[in-house]
Amino acid sequence: MNDLKTFRKERLARHIATLPKSGIREFFELANNMTDVISLGVGEPDFVTPKLIRQAAIDSLEQGRTSYTSNLGLYSLRKEICKYLEKDYGCYYRPDDECLVTVGVSEAFDLAIRAITNPGDEIIYFEPCFVSYNVEIKMAHGIPVASQTSEENEFSVDIEDVKKKITPKTKAIILNFPCNPTGGTLNLAQMQAIAELAIEHDLIVITDEIYSELTYEGQLPSIASLPGMKERCILLHGFSKAFAMTGFRIGYACGPIDIIGTMMKIHQYAIMSAPTLAQYAAEEALKNGRPEMEKMRETYRQRRDLMVQGMNDAGLHCFMPKGAFYTFPSIKSTGLSSKDFAMKFLEQHKVAVIPGTAFGACGEGYVRCCYATSTENIQEALRRMKIFVKSLK
Ligand SMILES: Cc1ncc(COP(=O)(O)O)c(C=O)c1O
């Protein structure tokens, strides 16, 4: 470390060095250093990837398919993706130049932001939200502008607030419904209202659809399918959540040729191509994985009901999420801050939840509890939650 003292120039990129670390990671590290913790913290399926999908990855290795694919991704996978989006989301994309396979939605999001952001461009997103949005915008020299969602509004968009946030510098709006961390969704009227604003103010819409199969009251079309929206939408999706494939690291972006082409340039230089065997597995997921996905969704739905009931029984008011696999109960009645609640619950009862503030300042007064864990774990965590909340009264 002493060597660093001899370095006289500013070593680090200022706009990155000043970014905070993820508030989720901080909690994982604490929980990981304790034994016998029940984790409602991690936002990933507890299911192992379905057998037929794993087998496709094994087959691809055994058949020696170990080289790079096209930069855009396997053509056969892109064809399946476009078929899937047309059938289930009402969006038509050409596999040749309107679809790019990425390393998870994480990479797709990074590429989308970098491809459209000029310094000083304002990008509107909804808070509480996935931890990456705010920092990714800053990393691309854009200006994040948060529109807050609230429990009173079922954690959906407040169109009047969005209108107030739009300025001549606004470049894009990011949507993620069903939402991580709240489970809030959009109805068709709200989706149409966002589309109208986007058209009126000439905005791009980035729609992160990663939880869109995991909706419990019927699936809506994508905003990209609404009239006039295809040319201004970047649709991001992937396999991590609905197909329980987080470790495969496959996602995709579909959109207009100029934007996908620009995203492709970054991807080509930074990544080359997504992992080959994982692309074969993803193709199998789309071809034959639906029954497994539907089974998992039904299990999540049952766990959601159990979790919401249990939280309310414990004395925490809990909104009934319509999608994804998170509950976002209010802990305001306990008088504790989100961080203190999460810390004390972990220390005293060995259950990990994430403070709502990890997802934006307006998450204060809430914690995120992921129900992608076994029913036994949920029941035990709820039992401990009841004791904990009672002890605070
Ligand atoms: C809203 C949202 N978008 C994107 C991601 C990243 O997913 P992937 O595993 O596809 O990179 C996550 C992961 O938790 C997420 O919650």
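Each value in this text was obtained by applying a stated rule to the coordinates, not by laboratory testing. Computed from a prediction, not measured in an experiment: that's the story for all the values here. Because the Cβ atoms are built from the backbone with ideal geometry, glycine has one as well, and the counts that use them run over all protein chains shown.
A few comments on the model shown:
- R0 of 56 Å, Cβ-Cβ distance residue 347-residue 96: FRET efficiency to nearest 0.05: 0.55
- Taking every DSSP beta bridge that has both ends in the stretch 53-289, the antiparallel portion is near 30%.
- Max mean-square fluctuation residue, GNM over the chain, Cα-Cα springs under 10 Å, options 37, 351, 48: 48
- Listed peptides 216-225, 357-366 by packing density, highest first (mean Cβ within 10 Å): 357-366, 216-225
- Residues whose placed amide H lies under 5 Å from that of residue 204, excluding near-sequence neighbours: 172, 173
- Under Stokes-Einstein, with the Kirkwood radius over Cα pairs as Rh, the value for the stretch 22-68 at 20 °C and 1.002 mPa s is 154 µm²/s.
- The charge dipole of the chain, taken about the Cα centre with unit charges on the Cβ atoms of Lys, Arg (+1) and Asp, Glu (-1), comes to about 900 debye, rounded to the nearest 20.
- Every pair of different Cα atoms in the chain enters the Kirkwood calculation, which places the hydrodynamic radius at 21.8 Å.
- Burial order of peptide ranges 258-268, 8-18 (average beta-carbon count within 10 Å, highest first): 258-268, 8-18
- The stretch 329-393 shape via C-alpha gyration tensor axes, a/c threshold 1.5: oblate
- For the residue pairs 83/164; 164/265; 165/344; 83/138; 322/386, the C-alpha atoms sit more than 27 angstrom apart in 83/164; 164/265; 165/344; 83/138.
- Rg(Cα)/(2.2 N^0.38 Å) for the stretch 1-114, N = residue count: 1.59
- Mean Cβ count within 10 Å, highest first, over the residues of peptides 302-312, 164-174: 302-312, 164-174
- Using the Cα coordinates of the stretch 168-228, the gyration tensor eigenvalues translate into equivalent-ellipsoid semi-axes of 21, 13, 9 Å, sorted from longest to shortest.
- In this calculation the C-beta distance from residue 387 to residue 44 is compared with R0 = 22 Å, giving a FRET efficiency of 0.20.
- The share of C-alpha pairs in the stretch 45-97 whose separation exceeds 16 Å stands at 59 percent.
- The GNM of the chain, with springs linking C-alpha atoms under 10 angstrom apart, assigns the highest mean-square fluctuation among 35, 276, 334 to 35.
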